[in-house]
1. Among (1) part of a helix (DSSP H, G or I); (2) of a type in the set (Asp, Glu); (3) not assigned by TED's automatic domain parsing to the domain that holds Asp217, there is one condition Glu273 misses while meeting the rest; what is its number?
2. Name the residues in the range 156-205 that are under 18 Å from the mean Cα position of the chain (by Cα), part of a helix (DSSP H, G or I) and among the polar types (S, T, N, Q), would you?
3. Taking the range 188-213, which residues are farther than 15 Å from His34 by Cβ and either surrounded by fewer than 23 Cβ atoms within 10 Å (Cβ to Cβ) or modelled with pLDDT under 95 (or both)?
4. Mind counting the residues in the range 218-265 that are touching a His at 6+ places or on another chain (Cβ under 9 Å) and more than 26 Å from Leu167 (Cβ to Cβ)?
5. Go over the candidates Thr245, Thr143 one by one and state the one that is more than 19 Å from His65 (Cβ to Cβ) and not in a helix (DSSP H, G or I).
6. Out of all the residues in the range 118-177, which are under 16 Å from Glu108 (Cα atoms) and aliphatic (A, V, I, L, M)?
7. Could you say whether any residue in the range 120-130 is under 19 Å from Cys85 (Cα atoms) and part of a loop (DSSP other than H, G, I, E, B)?
8. Between Glu47, Glu108, which is at pLDDT 95 or above, on the phi < 0 side of the Ramachandran plot and out of contact with any His (no Cβ under 8 Å at 6 or more places or on another chain)?
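The values are calculated or read from the model by the stated rules, or taken from the named source; none is laboratory data. What you see is a predicted model; the values in this text were computed from it and never measured. Note that we place each Cβ from the backbone using ideal geometry, even for glycine, and neighbour counts take in every protein chain shown.
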Amino acid sequence: MPRGNCASPDGIHGPVEALTAAIDVDTALVSLSHTVFKSAYTYDMAEITRTAHAAGALTLWDLSHAAGAVSVALNAAQADLAVGCCYKYLNGGPGAPAFLYVRADLQEKLRNPISGWMGQKNMFNFDLTYTPAPGLPRFFSGTPPVLAMAAIEPGVDLLLEAGIDRLRAKSVQQTEYLIALWESELAALGFTLNSPRAAAVRGSHISLGHADAWRIDQALIQQMGVLPDFRKPDNIRLGITPLYTSFADIQQAVSRMRTVVEERIYAQYNAAELAVT
């Protein structure tokens, strides 16, 4: 990881200048979320990877909020490693497995620190000495959750049928619409925009800040039929999944957020935060 303080100066945009300045010959690995989970800020993967490679470092990209939502071009960016989850924009649902990408020329060089039966060469020989399988299978550990994996294929098939370019185009339209509604309906009620304005560096979720975000979030979930989540310190995060989110859904969500604040429905909820929304 780069040394030094690379915190985002505004909590919304990535600290790109500080990050690139900190990458030097002592950097071994640059690990970043392609799309940041709080604000939806999206890094230029190719540019960061070029900077890392110029310093002799590898890159590891977290695609959890990017895969299925924005264009991810790992090969074109010459990315080294990537991980992600399937339960968000890849439609896998709760309990869906994670995934791993390892650039082809690194597959024989890297070692899996969590060795398991499925990653063993000739696994059915049941050798007592562990020998990793060639290629990507060496990164397997235990038996995969077969039922959870079975749901991934039709979920990805839906994305492929719709096309990531068309999904991304609709996502941009819908996040722009949500930002416009924030500006006209919510900004005067104390809501702030905690996501980038520019669509080119924004993923497919919008975070709105509010001093009473936790209690507003609870009121939306418990009484208003709106299911956002809360992320500290003040983020109400609204996921836009263009495969099935409609413009009417977005308008209704904003309208109900306005009602929760104007009628002080949130005031009946305890300000003490639970572990998760």
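1. Of (1) part of a helix (DSSP H, G or I); (2) of a type in the set (Asp, Glu); (3) not assigned by TED's automatic domain parsing to the domain that holds Asp217, only one is false for Glu273: (1).
2. Within the range 156-205, Ser171, Gln174, Thr175 qualify.
3. Ala188, Leu189, Gly190, Thr192, Leu193, Arg197, Ala198, Ala199, Gly209, His210, Ala211, Asp212
4. Looking only at that region, the number is 2.
5. Answer to the selection: Thr143.
6. If the condition is that a residue be under 16 Å from Glu108 (Cα atoms) and aliphatic (A, V, I, L, M), then Ala133, Leu136 are the ones that fit.
7. Taking every residue of the range 120-130 in turn, none turns out to be under 19 Å from Cys85 (Cα atoms) and part of a loop (DSSP other than H, G, I, E, B).
8. None of the other options fit; the residue is Glu47.
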